[in-house]
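Asker: Below you'll find the structure I mean.
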Amino acid sequence: MPSFPKRLRLLSLVAVLLIVGFLTTSIASYLVSRDAVRGGIVGTALPLTGDSIYSEIQKDILRPVFISSQMAHDTFVRDWLLNGEKDPEQLTRYLNEVKTKNGTFTSFLVSEKTRYYYHNSGMLRAIEPNDARDAWYFRVREMNKAFETNVDPDWANRAKVTIFINYQIFDYQNRFIGTTGVGLTLDTMSQLLKTYETRFQRNIYFVNESGQVVLTGNSAQGRNSILLHDGIRDVAAKILNHQSKPTQLSYPLNGQVMQVNSRFIPELGWYLIVEQNETADLRPVQRMFQLNLLISALITLLVLCIAIYSINRNQRRLEALANTDSLTRLLNRQAFEVVLNQKMTELARRPCSLAGILIDIDYFKVINDEFGHLTGDAVLRKVADILRHTVRTGDTLARWGGEEFIILLDDCPRAMALELAEHLRLAVANYDFALPRATSVTMSLGVVELQADETEDEFFQRADYLLYAAKTAGRNCVMADG
Ligand SMILES: Nc1nc2c(ncn2[C@@H]2O[C@H](COP(=O)(O)OP(=O)(O)OP(=O)(O)O)[C@@H](O)[C@H]2O)c(=O)[nH]1
């Protein structure tokens with residue numbers, strides 16, 4: 001059985017192995033799950049959200065492009081311009097009809113000849129080359145494509161930010177005669193962003209080429225520029241890269257990690273930014289990690305408890321085996337000597353009477369020789385049983401060796417010890433061991449009372465002497481000192 005420090009070392013080793021094993025598997029599975037969640041956000045969730053919003057936006061922009069194209073090719077529009085813009089009411093009705101039917105925010109026409117700006121609510125004013133608000137017209141006039149998408153404030157509608165589709169109008173000889181189109185309010189897109197934000201729990205917003213937040217659902221409200229905002233400003237330069245290919249970035253914010261997916265939308269000249277705090281998605285993984293650790297700690301504790309219990313139980317069993325005589329199940333000589341030592345120490349502190357009875361089976365060799373060793377063993381076992389059942393509880397009975405037994409009687413004066421010895425002698429002598437030829441088994445006994453200042457050896461010597469005296473006196477008798 002390992003000694004206490006050895007046991008402690010063994011248990012520590014088991015604990016360390018379990019802890020290291022559990023920690024390694026828990027951490028490894030946490031890292032794998034975390035990477036899977038992160039991979040899901042970065043590789044799938046954010047790009048998909050970006051793609052969905054982008055396609056929604058394209059849909060929203062393509063429809064007005066189609067409406068504007070129809071307006072630019074409408075024979076009524078072209079004839080009305082070519083016929084000298086005679087009845088502005090007629091055009092206003094037309095523009096109003098386009099707006100109402102298609103649910104656009106505004107519809108307009110600018111004549112190249114008169115430079116008048118016609119609006120669905122009537123003729124607004126003449127546009128001026130030097131007016132910054134009208135710069136768009138002179139740009140459209142010169143461009144080599146049929147239309148452009150322009151995000152500008154709508155001056156006819158309290159400068160509300162609007163997406164305009166500016167479509168060139170040509171006469172039947174392909175000469176430029178004006179520009180027409182519709183405007184869309186950004187409210188629809190803002191609503192779309194809000195819906196996506198709520199559904200996917202992500203921040204979705206647009207910034208222009210200089211990083212200003214131009215359109216948001218709810219999340220980026222209050223943000224002016226991504227160049228100034230904590231966290232994202234570290235990656236702002238990488239976002240504003242003019243690439244329509246989606247860019248995937250991440251930045252730390254208040255000890256958490258934000259994953260960002262951004263893409264340039266050429267139709268708008270804006271960047272669509274989809275952001276997600278990965279911490280929220282990682283929370284279940286972290287909770288699972290904590291649960292794993294807790295279970296690991298409990299298992300480690302349980303294993304240690306079982307190990308301690310088994311070690312102690314085995315130790316007790318081994319100690320019992322080491323102290324017990326295997327044939328008779330009585331204490332052996334070593335165990336008896338330990339008990340005697342304890343009793344003598346106690347006696348020094350608290351004087352009281354202590355007696356001993358040394359017992360030897362008479363002519364045991366004859367039993368062995370006549371009936372065999374197995375019968376001899378059986379007799380020894382039976383004598384031990386008789387002694388065990390006859391001594392008082394609290395008395396210490398042991399096999400002293402061979403066919404000898406010893407009893408230590410606590411708090412027992414000589415007379416009482418003598419009485420017990422006689423009782424034992426008779427119990428064995430009268431017992432039928434069922435040996436052939438009705439052979440009886442008898443014992444000789446020596447009874448001693450421990451004297452003050454007597455050593456253990458002296459005590460045994462006297463007991464031995466008295467036993468010898470009983471033998472020489474004819475056996476099957478008890479001899480006591482005094
Ligand atoms: N069967 C058996 N015999 C044992 C055991 N231990 C000792 N013996 C035998 O016990 C016998 C003891 O014999 P002796 O010491 O000569 O004494 P005795 O024959 O009992 O004669 P007295 O003591 O003089 O009455 C020996 O033959 C031992 O071999 C045991 O565990 N089993």
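All of the numbers you see were taken from the coordinates with simple rules; none came from a lab. For clarity, every value in this text was computed on a predicted model and none was experimentally measured. Virtual Cβ from ideal backbone geometry, glycine too; neighbours counted across all protein chains shown.
Asker: Can we say THR49 is part of a helix (DSSP H, G or I) and touching a Gly at 6+ places or on another chain (Cβ under 6 Å)?
Answerer: no
Asker: Something else now. Report the residue count in the stretch 268-298 for those that are surrounded by fewer than 18 Cβ atoms within 10 Å (Cβ to Cβ), touching a residue at least 40 places away in the same chain (Cβ under 8 Å) and closer than 23 Å to TYR205 by Cα.
Answerer: 3
Asker: Go through (1) touching a helix residue (DSSP H, G or I) at 6+ places or on another chain (Cβ under 8 Å); (2) within 16 Å of the ligand (Cβ to nearest atom); (3) not charged (D, E, K, R) and name the single condition ILE407 misses.
Answerer: Only one criterion is unmet by ILE407, namely (2).
Asker: Something else about it: In the stretch 387-404, which residue that is within 8 Å of the ligand (Cβ to nearest atom) and among the small types (Gly, Ala, Ser) is farthest from PHE433 (Cα to Cα)?
Answerer: GLY401
Asker: How do the pairs read when you match residues in the stretch 409-437 that are at positive phi with residues anywhere that are of a type outside the set (Lys, Arg), using Cβ under 8 Å and keeping only pairs 6 or more apart or on different chains?
Answerer: Pairs that qualify, where the first residue is at positive phi and the partner is of a type outside the set (Lys, Arg), are ASP411/CYS352; ASP411/SER353; ASP411/LEU354.
Asker: Within the group ARG313, ARG317, ARG350, which residue is away from the ligand (no atom under 14 Å from the Cβ) and closer than 26 Å to HIS389 by Cα?
Answerer: On the way: ARG313 fails: closer than 26 Å to HIS389 by Cα; ARG350 fails: closer than 26 Å to HIS389 by Cα.
Result: ARG317 is the single residue among ARG313, ARG317, ARG350 that is away from the ligand (no atom under 14 Å from the Cβ) and closer than 26 Å to HIS389 by Cα.
Asker: Look through the stretch 359-386, keep the residues that are free of Cβ contacts under 8 Å to residues at least 60 places away in the same chain and among the hydrophobic types (A, V, I, L, M, F, W, C), and return whichever of them is nearest to the ligand (Cβ to nearest atom).
Answerer: PHE364
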